[in-house]
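Note sheet for the following structure.
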Amino acid sequence: MDDLTDVAAALRALPPSCGPVRLVAVDGHAGSGKSTFAARLADALGGAPVLRLDDLATHDELFAWLPRLLDQVIAPLARGADARYAPYDWNLRRFGPPRPLAPAPVVLVEGVGAGRRALRPYLARLLWMDRGAEESWRRGRRRDGPAQAGFWEGWTVAETGHFAEDPSRPFADALVREVRGGYVVSPPPPATAGTEPAAHPT
């Protein structure tokens, strides 16, 4: 089922979770298909903004982007104001000019670690791409080619360490499975559900 209309409608119907915004995380292993799914979901939402965590991470801070996200994005959205964040240029290895992010009714946050512990209180929903680490990494390596082999060696170690310390999947509200022709979005099995309260500060 490629039609994400019902999923989009359900997200729009949620109460705001970060100021006036319904912040929806799309998390999963690198190479699991998060970017493609987030783009299609954004289209189903009528052009919802998508914040890519790759724009906040750097070569030296693969998972240490949290302070930037909280300061540049979460804090202003929680006030109902436009956010402004400086995307990182992975080729030039420096941050570029600031980019605006409006407090739209639904904003998607896509990237490895989007459902991390410190962000969950601000999320209306956490969606997890249901593809295993090894399969995802193989897909990512094929996508990026031999030139990025060294980066992937370091990345897999960093990602494994991050999810060991701060897992997202146990707290997912829904699992996204890619199938022929589209996606199936379904609730996780009860045994995988997290235990944190659904606190949504505004």
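With a 1.4 Å probe and every protein chain left in place, work out the accessible area per residue of the stretch 87-191 in Å², rounded to a whole number. Don't skip to the end; give the middle numbers.
Values: 5580 Å² over 105 residues.
Per residue, the stretch 87-191 has an accessible area of 53 Å².
Could you work out how much longer the chain between Arg117 and Val179 gets when fully extended? Use 0.36 nm per residue separation minus the Cα distance between them, nm to one decimal.
19.4 nm
Read through the labelled values (1) 16.2, 45; (2) 16.3, 52; (3) 17.9, 60 and report the label of the one computed as Rg and Dmax of the Cα atoms in Å from the structure.
Matching entry in (1) 16.2, 45; (2) 16.3, 52; (3) 17.9, 60: (1).
Report, to the nearest whole %, how much of the accessible area of the chain belongs to carbon and sulfur atoms, 1.4 Å probe, protein only.
The C+S portion of the solvent-accessible surface of the chain is 54 percent.
Find the eigenvalues of the gyration tensor of the Cα atoms of the stretch 122-175, then list the square roots of 5 times those eigenvalues as equivalent ellipsoid semi-axes, largest first, in whole angstrom.
Three semi-axes, in Å: 25, 13, 9.
Expressed as cubic angstrom per residue, what is the convex hull volume of the alpha carbon set of the stretch 38-109?
86
Express in Å², to the nearest 10, the accessible area of Asp43 obtained by rolling a 1.4 Å probe over the protein heavy atoms while all chains stay in place.
Per-residue accessible area (Asp43): approximately 120 Å².
Counting only heavy atoms of the protein chains, get the accessible area per residue of the stretch 4-69 (1.4 Å probe) and round it to a whole Å² value.
For the stretch 4-69, the per-residue accessible area is 36 Å².
The values are calculated or read from the model by the stated rules, or taken from the named source; none is laboratory data. All values reported here derive from a predicted model rather than from experimental measurement. What goes into the accessible areas is simple: the full protein's heavy atoms, side chains included, and nothing from ligands, DNA or RNA. Shrake-Rupley method; radii C 1.70, N 1.55, O 1.52, S 1.80 Å.
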